[in-house]
Amino acid sequence: MKKKLLSVFLCAAMTMSLFAGCGGSGSAATGTDAGSTDASGDAEAVTETAASGEGSVYWLNFKPELDETIQELGKKYTETTGVPVKIVTAASGTYSQTLQSEMDKSEAPTLFVVGNAAGVKDWADYAIDLTGTKIADELSTDAYNLYDETGKLVSIGYCYECYGIIVNPDLIEKAGHSMDEIKNFEGLKTVAEDIHKNADTLGFDAFSSSDMDDSSSWRFTGHLANLEYFYEEKESGAKWEECPASLTGKYMENYKNLYDLIINNSLTDPKDLANGGHDAEAEFKEGKAAFFVNGSWEYAAVSGDVPNATMIPYYCGVAGEEKAGLNCGTENCWAVNANASEADQQATIDFMVWLVSDPDASKAMVEQLGIMPYKNAAESSNGFLNDAAKYTADGCYVMDWATNYQPNVDDYRAALVAALNQYNADQSDANWDLVKAAFVDGWATQYGLANAD
């Protein structure tokens, strides 16, 4: 096993480094074995296996900021059921090394993270098929699940983030419109252009600034770009499982539709976007703009000033987009160790079910994670994540994070910024052709460089 694990980790180290931005600070792995505490719980809420005390749980946790909460939950679960729960949390940026070390031990983690398609290729053999398990039955959506090439359900998302267009409904109404009008690009365009036309009278504009400096350009070269990638992926009929070698650029016109609407109906002249210096968040919070392109992580920052702020999808003129949801994704996905005993596997699944369905446990988890994609989990306090969940519940499709596959991401996005700045300064067809070249040809170029022998 050690030889195979070493081979796995030469690949996995790069894969798991993608997770580092989600973690907190720390210098070492921490862990405890849950023992008796004064915590109380309802033993009837867990399964017969857990209640009997058979098996044990060892969770190698990826998120340092979750450690304190889950250590307490592990103790509570042990007090309630008698099932031993050990939780070790890897320090930020060290998950792959910690996992390598722990999985090579006789008492390896029973619960660990496999967070993306590359990880699935490396770790599928070490994970049970979660299809038909009690934890899979608790899921509210399949959108965050990861499968291998055989259809095996390798891992399942336990939290996610989202991004789209943040909206101040009060300003929409003040401008004489309603949110009911904004169900597709045509509706969004009508409302935004009318607000921009009357900005001097209204005292606010449609969109906040769309700067192209490093503090802001990722919103348009990363997140907004996702709509083009996603619709190419969607047309193919299956989620990308690895970076494609090329793009068709078929949905570049849809990207252009929304990008043009944003920069031309904004507080800031497109010619002034290159150097940055504008605070798009503050513009939205201060009621200077009705729309703000960003994500769920902004909820705490803006909700105090705009308490009924909501988030809408990237409407861009694609057929059927009335059923579009938000851009949602995660690299936080649970897998259960295939090499663990059946008793430990069952105990682990029972523990997972308790975490996502017990009212108190799931509330504690959601307070730390923002939202969990499970039918019986506590409701999130993050309004934008609740918007995402409502779109899903209403049967809308999730726009998954295809943008994560951008090859040589820094160089690729830098070329996009350069092309967009040239277009912002002069919105000619010729300059848009440069944007398309950076988008499509640039992808193929960077893919070639990233995969050169």
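Laboratory data are not the source of any read-out in this text; all were calculated from the coordinates shown. Predicted model, so just to flag it, every value in this text is computed and none were measured. Glycine also receives a Cβ, built like all others from the backbone with ideal geometry; neighbour counts cover every protein chain displayed.
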note = segment 96-113 and segment 401-448 have their Cα centres apart by a whole-number Å value of 40 Å
request  = Apply 1/(1 + (r/R0)^6) to the Cβ-Cβ distance of Lys152 and Leu449, taking R0 = 22 Å, and write down the FRET efficiency to the nearest 0.05.
outcome  = 0.10
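Fully extended, how many nm does the chain gain between Glu322 and Gln368 (0.36 nm per residue separation, minus their Cα-Cα distance)? Intermediate values should be presented prior to the final figure.
Numbers: separation 46, 0.36 × 46 = 16.56 nm, distance 3.18 nm.
Taking 0.36 nm per residue and subtracting the Cα distance, the gain is 13.4 nm.
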message = Can you give me the Rg/Rh ratio for segment 323-453, using Cα atoms for both radii and the Kirkwood formula for Rh?
response = 1.15
query = What share of all Cα pairs of segment 235-351, in percent, falls into each consecutive 10 Å distance bin?
reply = 9, 26, 28, 20, 11, 6, 0
Under 21 Å from the Cα of Lys256 - lysines, other chains or at least 8 residues apart = Lys183, Lys189, Lys197, Lys234, Lys271, Lys323, Lys436
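Report the net charge of residues surrounding Pro169, where surrounding means a beta-carbon distance below 13 angstrom and charges are Lys +1, Arg +1, Asp -1, Glu -1.
Values: positive: Lys174; negative: Asp170, Glu173, Asp180, Glu181, Asp387.
That sum, taken over residues with Cβ under 13 Å, equals -4.
With +1 assigned to the C-beta of every Lys and Arg and -1 to the C-beta of every Asp and Glu, and no other charges, what is the dipole magnitude of the chain about the Cα centre in debye, to the nearest 20? Mind showing how you got there, number by number?
On the way: 29 positive and 71 negative charges, 132 e Å.
Roughly 640 debye for the chain.
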ask   = Quick one: net charge of Ala419's neighbours, Cβ under 15 Å, K/R +1, D/E -1?
value = -4
Volume per residue of the C-alpha convex hull in the chain, rounded to whole Å³ = 148 Å³
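In terms of the ratio Rg/(2.2 N^0.38 Å) built on C-alpha atoms, what value belongs to segment 157-249? Don't jump to the answer; show the numbers that get you there.
Numbers: Rg = 17.0 Å, N = 93, 2.2 N^0.38 = 12.3 Å.
Scaled against compact globular proteins, the figure is 1.38.
May I ask you to list the trypsin sites (Lys or Arg not before Pro) in segment 243-282 that are in a DSSP loop and have at most 12 other Cβ atoms within 10 Å of their Cβ?
Values: sites: Lys250, Lys256, Lys271; in loops: Lys250.
Taking segment 243-282 and a limit of 12 other Cβ atoms within 10 Å, the loop trypsin sites (Lys or Arg not before Pro) found are Lys250.
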message = As a test of understanding, state the convex hull volume per residue of segment 299-338 from its alpha carbons, in Å³.
response = 162 Å³
key: Relative pair counts by distance (%), Cα atoms of segment 47-158, 10 Å bins   = 13, 38, 41, 8, 0
Straight-distance crosslink candidates among lysines, where the alpha carbon sits under 21 Å from Lys63 and sequence neighbours closer than 8 are dropped = Lys75, Lys76, Lys86, Lys363
ask   = What distance in nm separates the simple spin-label points at Thr248 and Lys375, each placed 7 Å from Cα in the Cβ direction?
value = 3.6 nm
